[in-house]
C-alpha cells in the first residue's frame, strides 16, 4: 500500500500542478489580450493624431501663407523685373 500511496500522491501533485499551470496560463493570456487591446486603442488614437498633425503641417506650409508672412513679418518683396536674373546650369 505504501507504494500505491506514493503514486497517488505523486499523481495528485502532478494534476494539481497541471491545473495551476492552466490557470496561470489563462490569466497570462487574458492579461496579454487586455494589453493588446489597450495598445491597439493607443495606436488608433496616435494614427488620428498623426493625421491631424499632417493636415496642420500642410496648412502651415502653404505657399500663400509663407509668402504673406515673408511680406508682413520680414518685409520681403518680389524683386523688380529689371533686377531678376536667370541662372542657367550647364
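The values are calculated or read from the model by the stated rules, or taken from the named source; none is laboratory data. Note that the structure is predicted; figures quoted are calculated from it, not measured. Cβ coordinates were reconstructed from backbone atoms using ideal geometry, including for glycine residues, and neighbour counts include every protein chain displayed.
Scan region 19-69 for residues that are assigned to a helix (DSSP H, G or I) and closer than 30 Å to residue 79 by Cβ and the total you get is 11.
Residue-by-condition table, conditions (1) surrounded by 10 or more Cβ atoms within 10 Å (Cβ to Cβ); (2) modelled with pLDDT under 95; (3) touching a helix residue (DSSP H, G or I) at 6+ places or on another chain (Cβ under 6 Å):
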residue: 8; (1), (2), (3): yes, yes, no
residue: 46; (1), (2), (3): yes, no, no
residue: 61; (1), (2), (3): no, yes, no
residue: 66; (1), (2), (3): yes, yes, no
residue: 73; (1), (2), (3): no, yes, no
residue: 79; (1), (2), (3): no, yes, no
residue: 84; (1), (2), (3): no, yes, no
